[in-house]
Amino acid sequence: MYYFDIGSSTIKLYESEKELNLIEEKSIMFKKGFSEAGILQENIDKLLEFIKEVKEKYNLTEKNAKIFATGIWRKIPSKQLRNVKDNFKKMDLEFNVISHEKENYYFEKAMQGNYKNRVMMVNMGGKTTELVVFNDDKVENRVNLNIGVSDVFEQCPNINELNNKINKEEIINKLENLIPENIDFNCDIAIHTGGELRFQKLVKYNLQDNTFFDDGVHKVFVTYEDFDKKNDELLNKVSLEELRKLMPTNPDWMNGAKAGVLLGEAIFKKANIKNIVPSDLNLINGVVKEEKNNY
């Protein structure tokens, strides 16, 4: 079975046999130029071109591929959504936009595991961030924050430029102030999702063996101090071009990397997190787990 995760900036295609594997990925900034008319037509064309390419490559049909669209796709005008669905239908695929509640449900399902202590899951998006607190394997609390990676770009639009004279602590304090909620849930550990494990390995964070829990998935962690130190290096000494070269198959994914680490650090600081467990799990992992449970 194949699964598409189509978000506000990245399309991911997974194949599930014995394990779930990411087999194709493409970043398109659907948020860029978004207006009352919806997503720019040039970006819709890029989406359809990519879908057509992978459809032919893997012989995808409505019977062997499922599509889960989130984020900005929930905000596009009904006319544009109908056109997108019609174009997918012509390719024998069903374009499916899921609700924020359903997305949260699948993320929780993906993350649910035997942690043997309290942990906080952090799932950052373009305009919102979901926090879920697990106490052992049970959900203890849920908080949806009205802050996302795009807010970092609003605070410092030149973040991807070297010699930008950004004061990291000042930006983090501003981001903290955009979070009115009390998010200190007495958790020492946060699981940071959204391809964070892949990213931290690529840029070489000081990852250590995870001795807090053994869920068979999350093998490493980084201390908040080492996370902060590496983020200083990324902001001030690593160019966007260097980051993009680390991911040659989809370099555009790196365009939001610096903004993402700043937002992550602001959330971890406000929540008083001491240790960060990077994770590549996402909503598709939850979809597959749900389907296996219902099989």
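Odds and ends about this structure:
- Residue selected from the stretch 36-72 under the condition modelled with pLDDT of 95 or more, assigned to a loop (DSSP other than H, G, I, E, B) and surrounded by fewer than 18 Cβ atoms within 10 Å (Cβ to Cβ), by the criterion nearest to the chain's Cα centre (by Cα): L40
- Residue match in the stretch 156-176 (condition: touching a strand residue (DSSP E or B) at 6+ places or on another chain (Cβ under 8 Å) and either assigned by TED's automatic domain parsing to the domain that holds D226 or under 21 Å from N123 (Cα atoms) (or both)): no
- Pairs, first on the phi > 0 side of the Ramachandran plot in the stretch 199-224, second aliphatic (A, V, I, L, M), C-beta under 7 Å, six or more apart: none
- Residue match in the stretch 23-35 (condition: surrounded by fewer than 14 Cβ atoms within 10 Å (Cβ to Cβ) and touching an Asp or Glu at 6+ places or on another chain (Cβ under 6 Å)): yes
- Hey, K245 at positive phi, more than 17 Å from the chain's Cα centre (by Cα) and not β-branched (V, I, T) or not: no
- Filtered by the rule that a residue be within 16 Å of L235 (Cα to Cα) and of a type outside the set (F, W, Y), the stretch 176-200 gives a lone residue, Q200.
- Number of the exception - N250 against (1) farther than 22 Å from K66 by Cβ; (2) surrounded by fewer than 17 Cβ atoms within 10 Å (Cβ to Cβ); (3) in contact (Cβ under 8 Å) with a residue 40 or more places away in the chain; (4) not hydroxyl-bearing (S, T, Y): (1)
- Across the stretch 170-188, the qualifying residues are those that are exposed (fewer than 12 other Cβ atoms within 10 Å of the Cβ) and assigned to a helix (DSSP H, G or I), and the one among them that is nearest to the chain's Cα centre (by Cα) is N177.
The values are calculated or read from the model by the stated rules, or taken from the named source; none is laboratory data. Note that this is a predicted model, so its numbers are computed, not measured. No Cβ is skipped: glycine too gets one built from the backbone with ideal geometry, and neighbour counts run over all protein chains shown.
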